[in-house]
Amino acid sequence: MTQVMGLCVMDVDGTLIAEEVIDLLGREAGCEAEISKITNQAMQGELDFERSLRARVALLKGLPISVFDTVFKSIHLSKNAQEFISVLQKKGILVGLVSGGFAPIVERLAESLGISYFSANQLEVRDDFLTGKLVGEIVTAQEKQAALEKWRKELKLPKERTIAIGDGANDLFMLKSAGHGIAFCAKEVVKTEIASHIDTRDFLEVLPLIDFLE
């Protein structure tokens with residue numbers, strides 16, 4: 001096994017993938033415009049993330065769980081995301097996903113990319129339909145930061161060997177607590193607080209920002 005040389009924790013919606021999964025679910029539920037508006041306000045930091053998430057999930061009540069098969073086929077990895085992850089993994093840098101999105105999608109993405117660490121929200125399901133509620137711990141900004149710290153300690157890595165990549169206000173704690181916080185195609189509220197940012201949706205642009213790649 002390759003020695004673990006570092007850890008890269010990535011946001012999913014709007015970062016690893018181009019879409020916001022909650023908006024795609026909203027399309028299937030017939031309320032995409034309403035959900036997209038709330039999503040945008042939350043990512044800009046204008047709304048409390050947890051409260052806004054619960055409000056959006058409530059609008060998904062009644063969707064069959066088969067909707068995740070449909071939505072998974074509709075998402076697109078950001079340009080060169082797979083190549084970026086492969087480069088990191090070959091260099092001994094483990095990759096983790098943290099998402100304010102949903103486990104049925106994040107788990108599949110992690111599996112397809114050979115990623116073993118991930119954290120995402122769980123939706124309550126009854127008789128194969130969404131109830132409009134969440135179960136368990138909500139992946140808030142604080143939880144994203146906590147996941148980064150937990151994995152870092154498990155891997156016995158110093159802070160300077162950690163990378164965090166995200167685009168929304170709920171990524172700020174995580175970006176600030178990593179050795180290398182990178183704002184990727186981020187909202188203005190993020191770019192004003194994070195010095196390193198990439199404004200082109202191409203993950204190969206991120207590699208030069210990581211100074212411990214050899």
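The values are calculated or read from the model by the stated rules, or taken from the named source; none is laboratory data. Note that the structure is a prediction, hence the values are computed from the model and not measured. Here the Cβ positions follow ideal geometry from the backbone for every residue, glycine too, while neighbour counts run over all protein chains shown. Note: areas computed on protein heavy atoms with side chains; ligands, DNA, RNA excluded. Shrake-Rupley method; radii C 1.70, N 1.55, O 1.52, S 1.80 Å.
Restricting attention to segment 149-177, the residues that are under 17 Å from GLY92 (Cβ atoms) and touching a strand residue (DSSP E or B) at 6+ places or on another chain (Cβ under 7 Å) total 7.
Show me the helices (runs of 4 or more DSSP H) entirely contained within segment 35-141 in which 3 or more residues are charged (D, E, K, R) and surrounded by 14 or more Cβ atoms within 10 Å (Cβ to Cβ). It would help to see each step written out before you state the result.
On the way: elements: 49-58, 67-74, 81-90, 103-113.
The helices (runs of 4 or more DSSP H) meeting that bar are 49-58.
Would you tally the residues in segment 70-122 being without any contact (Cβ under 8 Å) to a residue 24 or more places away in the chain and of a type outside the set (A, V, I, L, M, F, W, C)?
Here is the first cut: in segment 70-122, the residues without any contact (Cβ under 8 Å) to a residue 24 or more places away in the chain are 73, 86, 103, 107, 110-112, 116, 118, 122.
Retained after the next criterion (residues that are of a type outside the set (A, V, I, L, M, F, W, C)): 73, 86, 107, 111-112, 116, 122.
Final tally of qualifying residues: 7.
Inside segment 177-199, can you point out the residues that are free of Cβ contacts under 8 Å to residues at least 40 places away in the same chain and in a loop (DSSP other than H, G, I, E, B)? GLY179, ALA186, THR192, GLU193, ILE194, ALA195, ASP199, listed by residue number.
Going by the conditions given, is GLY26 crowded, with 17+ Cβ neighbours inside 10 Å, outside any helix (DSSP H, G or I) and either small (Gly, Ala, Ser) or without any contact (Cβ under 8 Å) to a residue 40 or more places away in the chain (or both)?
Numbers: crowded, with 17+ Cβ neighbours inside 10 Å: yes; outside any helix (DSSP H, G or I): no; either small (Gly, Ala, Ser) or without any contact (Cβ under 8 Å) to a residue 40 or more places away in the chain (or both): yes.
The answer is no for GLY26.
For segment 192-214, filtering for residues that are open to solvent by 80 Å² or more (accessible area, probe 1.4 Å) and more than 18 Å from the chain's Cα centre (by Cα) leaves 7.
Residues in segment 144-160 that are open to solvent by less than 20 Å² (accessible area, probe 1.4 Å) and under 13 Å from the mean Cα position of the chain (by Cα) were compared, and the one that is farthest from ASN121 (Cα to Cα) is LEU148. Looking across segment 161-191, not a single residue is closer than 19 Å to TYR117 by Cα, of a type in the set (Asp, Glu) and open to solvent by 40 Å² or more (accessible area, probe 1.4 Å).
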